[in-house]
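Below is one structure, written out as C-alpha cells; the observations come after it.
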Amino acid sequence: MLVESPPEPSAETAPAPPSRRAVRAFGLLLSVAVLVLVALASIAIGAKELTFGQVWHGLFEDSGTYGDVVVAERVSRTLLGLLAGAALGLAGAVLQALTRNPLADPGLLGINAGASAAVVTAITYFGVTSLSGYVWFAFFGAAAVGALVWFLGGSRGATPVRLALAGTAISAALYGYLQAVMIMDEAALGKMRFWTVGSLSSATNSTITQVLPFLLAGTLLALALARPLNAMAMGDDTAKALGADLNRTRALSMLAATVLCGAATAACGPIVFVGLMVPHVVRSFTGPDLRWILPYAAILSPVLLLGADVLGRIVARPSELQVGIVTAILGGPVFIFLVRRRRTAQL
Amino acid sequence: MRTTNRAVRTGGFSIRLDVRAVTVVLLLLVAALVASVVLIGTGDFPIPAADVLRTLAGEGNPGQEFIVNELRLPRVLVGLLVGASLGLGGALFQAISRNPLGSPDVLGLGQGATAGALAVIVLTSGSANQVAAGALVGGLVTGLAIYVLAWKRGVHGYRLVLVGIGVSAIVTAVNGFLLTKSDIVDAARAVVWMTGSLDGRDWAQVWPLLALTAVLVPLVLANARGLRMMEMGDDVSYALGVRVERVRLLLMVAAVLLTASATAAAGPVSFVALTAPQLARRLTRSPGPNLLASLCMGAALLVVADWVSQRAFGAEQLPVGVVTGVLGGVYLLWLLVSERRAGRI
C-alpha cells in the first residue's frame, strides 16, 4: 500500500543538495526527452528501414514519395501509441489510488471485457467490419460496464473491494458471452482473435480524431484529481477530516478512468499491464504523491508502449508482434520481480 | 448459531462430527448422482430415468445399453470427475493462498494448460489425446513455475496469488499470439477447447482421471488436518506440530495435478474451482477448507451445468464452459448484492 514519504526537507533547512522537487522536475524533463527519442525510433524503425534523412523529409518536406507515405503511416501509429499509452498509465494510476489496490488495472473493473463484448456484438449482430467502426461500440461497451460496475459496486457507498468484485463478476459473465459468440460465429472469431491481443497497427487518422476528445478530457480530469486522491490515500476518515468529498472524488475518478481506458481500448484493443506496471515503477522513485505520479505515468507509459511496439516490429521481421503481446511478455517478469522484491506486508 | 457438532466415541477413540457438514456432503452427493442420471437420459434420444437405472444395472435393451454405456455414461463420468477435481483443487488453492480468489483460473494454471493445448493444436494440429497431453504438461510446468517464482524462504499466500496473476498474464499473451498465428480451422477448434467442453469424451478419458483421483483424494484428505491448522497462520500451525512447508508443497502438487488433469480432460472449464468451495462453505457454514463438500459441490455443479448447456439453447449445443462462466458471473454478482445487504463488505 501507499506509505507516506518522510517529510520533505524544505529549501531553507537543506540548501546544499538540490531539493527533491528540482530533482523530480528534472526527471520529468528527462522522461520527455526519452519519450521523444522513442517516438522518433517508432517512426524510423519498421519493416521498411528509413534513414534519418528520409524521416526528416517525410515529416517536414512531404512530397508523396514512398518514404513519405511510410512516415505518414508511422506518425499516425506513433501518435496513437503516445495517446493510448498516456491514457492507460493515467487510468492505472487513478484506479490504483481509487481502489487502494496496487493490482488495479482496467481489466479489474471489467472495462476490457465490456469493450470486447461490445466489439464482438458489433461484428456478429450489426455486421460492422471496419476497425474505425468498432471504436464507438468498444467505447460504449467500456463506458456501460464502467457505469454498471459503479452502480453495482454501491455508487455512493462504493468501496475498493466492492468495485473490484463487481468488475470481476461482470467480466466473467461477459467473457462467457464472448466465447459463446465466437464459437457460434467463425467470422467473428477470425476478427476477434486479432482485436483482443491489442495492437497499434490499425491506427489511422480517423481513429485518432474519434478518440482524441475523450482522451484529452480524461487526461485533464485525471490530472485535476491528484489532490483529492492524495487525501483519500490516507484512509476514508482522514480524507473526510481533511475536507475531501469522498463520493465526488470516487465518482470522478471512476469517470476519468473509464473514459481513458475506454477510449484507449476502443482504438487499439485491450492492452494489459501498461496501466498496472508503470504507476508501480513511477511510485518507486516519486513516492506516493499523485501530483508527481500522474504526470510521470502519463509520460513513461507511452515510452513503454511505443518501446514495446518498436520491439515487436524488430523481433518478428518482416511481420510484427502485436504490442499487447509484447507488453505482457515484458511486463509479466517485471511485475513478478516487483512482487518478489517487496515485503508482502506492503502489498 | 446452533452448534451442530456431535462427538462420536467408541472405546478409546473419539472424533468430532459436524452433523451439518456431513449432511451437506451427502445431499450434494445425491444431487450429483441424480443430475447424472437425468443427464444420461437427456439427448436426441431421451431415455426415462427408470430405464437409465435399469440399463446401468445391466438389464436394459441393447439399443439403450449402447447409448448409455458407450456414449453418455463416459461423458457424465468425465464430468463428475472433472468437477470433483476442480472443486477439490480450487478448495486447496484457496486454502493455501488464504484468498477466496486464489483459484487455479486466477493463478494461471488454466492458462498454462491452455498454452500447452494450443501449442499442440496450432503447431502440430495434433489428435485429441496429444492435445490432452500438451495441456497436462502445460499445466504442470506452469504450476511448478508459479511455485518456484513465489518461493522466498517459504511460499506466502499473497505472493503466490500475485505471482500467479503475473504468470497468467504472460501465458495469456502467448495464447493470444498462438491464436493469431493459427489458421481459422485450428483457431475455432482452439476456442472450443479453451471454453471447456465435455463433448465426445469417452472411456479413454475416464480411466486416467479415475486412477489419479483415486490416489490423490485420499492423500489430500489425510493431510486436511494440517491444512486446517495452517489457516491460523504459519507460525501457530508450526508450533502445533504441522510441518508447514512440507504439507503445503504436498497439497499444492496434489492441487496442480488435479487441476491439470481435469483441464487436460475437459479444457479449462471456468469458475467451478472458484465457486464450488465458496458455495460449499456457505452450505456447511463451517470454517476450514471444507474439502469433501467442495469436491461434491464441484461434481454436482459441472454435471448440472452440462445439462443446462445441452438443454438451454435449443438445437445449438454450447460447451459447458460457457454455462459455468455465465453462472459464475451471476453467482459473484449475487454474492456481491447479498453481502452488501448484510453489510459485510
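The values are calculated or read from the model by the stated rules, or taken from the named source; none is laboratory data. All values reported here derive from a predicted model rather than from experimental measurement. Ideal geometry is used to build each Cβ from the backbone, glycine not excepted, and the neighbour counts take in all protein chains shown.
At a glance:
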item	result
Selected residue (only one of B:R282, B:R246 is in a helix (DSSP H, G or I) and either under 22 Å from B:A222 (Cα atoms) or within 12 Å of chain A (Cβ to nearest Cβ) (or both))	B:R246
Residue match in the range A:287-305 (condition: touching a Phe, Trp or Tyr at 6+ places or on another chain (Cβ under 8 Å) and over 24 Å from A:F139 (Cα atoms))	no
Qualifying helices (runs of 4 or more DSSP H) (wholly inside the range A:260-347; at least 1 residues being basic (K, R) and under 23 Å from B:A150 (Cβ atoms))	A:274-286, A:323-341
Residue within the range A:133-148 that is closer than 23 Å to A:N247 by Cβ, within 13 Å of chain B (Cβ to nearest Cβ) and surrounded by 24 or more Cβ atoms within 10 Å (Cβ to Cβ) present	yes
Conditions (1) more than 22 Å from the chain's Cα centre (by Cα); (2) at the interface with another protein chain (Cβ under 9 Å from one of its Cβ atoms); (3) under 20 Å from B:V269 (Cβ atoms): number failed by B:I121	(2)
Total residues in the range B:192-207, condition surrounded by 21 or more Cβ atoms within 10 Å (Cβ to Cβ) and either out of contact with any Gly (no Cβ under 9 Å at 6 or more places or on another chain) or more than 15 Å from B:V131 (Cα to Cα) (or both)	1
Selection count where residues are within 12 Å of another protein chain (Cβ to nearest Cβ) and over 20 Å from the mean Cα position of the chain (by Cα), scope the range B:126-150	4
Breaking point among (1) more than 20 Å from the chain's Cα centre (by Cα); (2) at pLDDT 80 or above, for A:L165	(2)
Given (1) assigned to a helix (DSSP H, G or I); (2) at pLDDT below 85; (3) under 26 Å from B:R201 (Cβ atoms), number of the condition B:R340 does not satisfy	(3)
Any pair with Cβ under 7 angstrom, 6 or more apart, that starts in the range B:318-343 at a residue that is more than 8 Å from chain A (Cβ to nearest Cβ) and ends at one that is modelled with pLDDT under 75 and surrounded by fewer than 24 Cβ atoms within 10 Å (Cβ to Cβ)	B:E339/B:I345
Single unsatisfied condition, B:K181 versus (1) of a type outside the set (G, A, S); (2) touching a residue at least 60 places away in the same chain (Cβ under 8 Å); (3) surrounded by fewer than 19 Cβ atoms within 10 Å (Cβ to Cβ); (4) closer than 30 Å to A:K191 by Cα	(2)
Single condition B:R153 does not satisfy, out of (1) at positive phi; (2) facing chain A (nearest Cβ under 10 Å); (3) free of Cβ contacts under 8 Å to residues at least 24 places away in the same chain	(2)
Scope the range A:35-88; condition among the small types (G, A, S), touching a Pro at 6+ places or on another chain (Cβ under 9 Å), more than 18 Å from A:Q210 (Cβ to Cβ) and assigned to a helix (DSSP H, G or I); matching residues	A:A39
Every residue from the range A:236-286 that is among the β-branched types (V, I, T) and over 24 Å from A:A143 (Cβ atoms)	A:T238, A:V281, A:V282, A:T286
Looking only at the range A:169-198, and only at residues there that are of a type in the set (S, T, N, Q) and surrounded by 24 or more Cβ atoms within 10 Å (Cβ to Cβ), the one that is nearest to the other protein chains (Cβ to nearest Cβ)	A:Q179
Some residue of the range A:246-259 being part of a loop (DSSP other than H, G, I, E, B), of a type outside the set (S, T, N, Q) and at pLDDT below 85	no
For B:M232: the one exception among (1) without any contact (Cβ under 8 Å) to a residue 40 or more places away in the chain; (2) assigned to a helix (DSSP H, G or I); (3) of a type outside the set (F, W, Y)	(2)
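Yes or no, residue by residue, for (1) more than 9 Å from chain A (Cβ to nearest Cβ); (2) part of a helix (DSSP H, G or I); (3) touching a strand residue (DSSP E or B) at 6+ places or on another chain (Cβ under 7 Å):
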site: B:G166; (1), (2), (3): no, yes, no
site: B:I170; (1), (2), (3): no, yes, no
site: B:L178; (1), (2), (3): yes, yes, no
site: B:A187; (1), (2), (3): no, yes, no
site: B:V192; (1), (2), (3): no, yes, no
site: B:L198; (1), (2), (3): yes, no, no
site: B:Q205; (1), (2), (3): yes, yes, no
site: B:L212; (1), (2), (3): yes, yes, no
